[in-house]
Structure formats: structure tokens, C-alpha cells
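Here the structure comes first, spelled out in C-alpha cells, and everything after it is commentary.
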Amino acid sequence: MNLKTAFLAGAIALPVQQMDNWQILQFSNIEPNRVSFSSEGMAVNVKASASPIIYPLEAPLIVSRVEVSGELSNLLSVEAEKQGQGDNDDFTLKIGLVVAGDKTLNGLQKLFSAKWIRTLFELAPEGAGVDNIYFLNAVQDSRQLGLKRQHPLSELIFEDNVWLLDRAGAFEFDHRLEKPLEVIAVWLSIDGDNTGSSYSTLIRSLRLES
């Protein structure tokens with residue numbers, strides 16, 4: 001592991017106070033978020049925007065629990081009971097675990113796949129592949145808690161609504177997975193492009209427990 005990644009009693013704390021090995025990507029035809037790092041943590045400023053934030057792990061890690069803390073400036077302009085559907089498919093916090101697997105891209109798929117899909121498969125170790133991105137979602141309506149789905153736009157995205165984030169201010173969450181996953185990267189998704197929302201999410205700490 002990179003020396004800047006701290007190991008804490010069976011957990012890995014990702015370096016959210018510094019750029020380190022984070023990768024800030026862009027989607028085609030979507031305004032990207034503004035991402036900055038400071039002693040406070042990683043600040044993701046959203047203005048009707050979206051962009052993947054990825055941290056590749058130097059070696060696969062068996063993850064059983066995720067912990068995150070931070071602060072939200074304000075809520076999404078979203079119909080909370082319909083969050084995730086159609087034009088309401090935005091979230092102030094989604095932590096994605098890129099799960100190792102046996103799916104790979106052939107030459108033709110590499111040529112015609114979207115850049116984010118190519119990036120996803122490039123995260124896999126040499127000679128290996130991926131299974132999916134397993135997202136842990138924070139939702140604004142308690143009725144959404146416990147819902148799971150394979151995203152209708154991609155078989156590579158699986159979502160689990162595990163946290164309720166229904167007010168601005170500080171938050172602190174943790175979630176124990178139903179079964180441990182072999183994780184090769186962390187993929188943050190914080191967006192407002194579908195709903196035209198403007199807000200900021202500050203990530204103060206993010207830990208993976210192995």
C-alpha cells in the first residue's frame with residue numbers, strides 16, 4: 001500500500017485530505033464536479049454536475065465494513081420518494097466498491113465502450129477482471145432504505161440504499177456488508193446533473209474494514 005494510506009487496527013483509512021492516488025474523471029457531455037483537498041477533507045462541489053472519483057487499491061482487499069463521515073451543505077432538489085428513478089437519479093453520497101471478478105473487455109468492446117467503463121476494467125490487476133461496482137447509497141427518504149437494484153443503465157452497477165441523509169450538516173455512517181467482498185478500488189459518486197442541484201459534500205474520513 002502507498003505509505004500515505006494509513007492502516008488502523010484492521011482498517012484502511014483512505015487519504016481524503018490529499019490528492020494522493022485519487023483519480024478525478026469526467027463523463028462525456030456532463031459538467032464535472034469541482035473536487036478539492038485540504039486538512040478538512042475532500043470537498044466535492046456540485047453544480048448540476050457529476051464526475052467519478054476513484055481510488056485504486058494497490059492490492060485487492062477483502063472488505064467487510066465501510067465507515068464514512070463528513071458534512072453536507074444542503075439537500076438535493078429531488079423528489080425524495082422517487083430518488084434514483086429517471087430524472088431523480090442523483091445522490092449526495094454513494095460509495096462504490098469495485099469488486100474483483102472474471103468479467104473483461106475484448107478488443108472491440110475496448111474500442112466502443114464509454115471511457116468510464118474502460119477505466120473500470122483498467123482497475124483490475126493484470127490477468128484479472130471485475131464483477132461490478134457495489135454502491136452503498138445515502139437517500140433522502142426513509143422509505144427508500146433497504147432497497148437494492150441492478151442499475152437499469154448498466155449491468156456493472158449494483159446499488160444498496162443503506163443510509164438516510166435527509167438533512168444538511170454533519171453525518172457519520174457505517175455499514176457492515178452481508179458478505180465480505182474482494183475490492184480493488186473505491187468509486188465515489190456524488191452528483192446533481194439530472195436534478196440541476198447545487199450543493200457540496202465534504203468527506204472528512206473514509207475507512208474500509210478488512
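Read-outs: derived from the displayed coordinates by stated rules, not from any lab. Being a predicted model, the structure only gives us computed values, none of them experimental.
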For the chain, just run the numbers: alpha carbon Rg, then divide by 2.2 N^0.38 Å, N being how many residues it has.
0.96
Relative contact order [Cα under 8 Å, 6+ residues apart], the chain, whole percent
38 percent
Taking Cα pairs under 8 Å and at least six residues apart, what relative contact order does the range 122-210 come out at, in percent?
24 percent
Mean-square fluctuation check for the chain, GNM, Cα pairs under 10 Å: which of 51, 77, 154 is largest?
154
In a Gaussian network model of the chain with springs linking alpha carbons closer than 10 Å, the residue among 114, 43, 80 that fluctuates most is 114
